[in-house]
Amino acid sequence: VMDLMAQATDPDLVVAARTGDGDAFGVLFDRWFDRVFDVAVRIVRDREVAAEVAQDVFLVAWQGLDRLEQVDSFGGWLLRISRNRALNRLARERRSVAMDDEEATGHMD
């Protein structure tokens, strides 16, 4: 069964995953994880954070699969989610660093 799935196209896997086929989504995960991770790591510049972002991307994709209008644009959609999630994470990390700096200087006064 997995051999057949490994040969399936992304659109076919998306359609199968929409019906709740976790194996189909697993193949998509395996097929796309490295690319999603690469996008995230280029933005956040931290492999551990990028791995968290990538996990988050696939959770968001799994939950939003029904909202994907063009099943053949799955890859591009996934990479956009990765980019957006990584940028959000980067902004959040920078805000928390800025807050820590402000607190540190506030205590020194």
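Under the simplified labelling scheme, the ARG35-ALA51 pair shows an inter-label distance of 2.3 nm, with each label point 7 Å from Cα along Cα→Cβ.
Computed with a 1.4 Å probe on the full set of protein chains, the accessible area for THR9 sits at about 70 Å². Full extension of the chain between THR19 and GLU69 yields a length gain of 16.5 nm, computed as 0.36 nm times the residue separation minus the alpha carbon distance. Put a plus charge on the Cβ of each Lys and Arg, a minus charge on the Cβ of each Asp and Glu, and nothing anywhere else: the dipole of the chain about its Cα centre is then about 320 debye.
The values are calculated or read from the model by the stated rules, or taken from the named source; none is laboratory data. Worth saying up front: this structure is predicted, and the values here are computed from it rather than measured. Glycine also receives a Cβ, built like all others from the backbone with ideal geometry; neighbour counts cover every protein chain displayed. Surface areas here come from the heavy atoms of the whole protein model, side chains and all, with no ligands, DNA or RNA. Shrake-Rupley method; radii C 1.70, N 1.55, O 1.52, S 1.80 Å.
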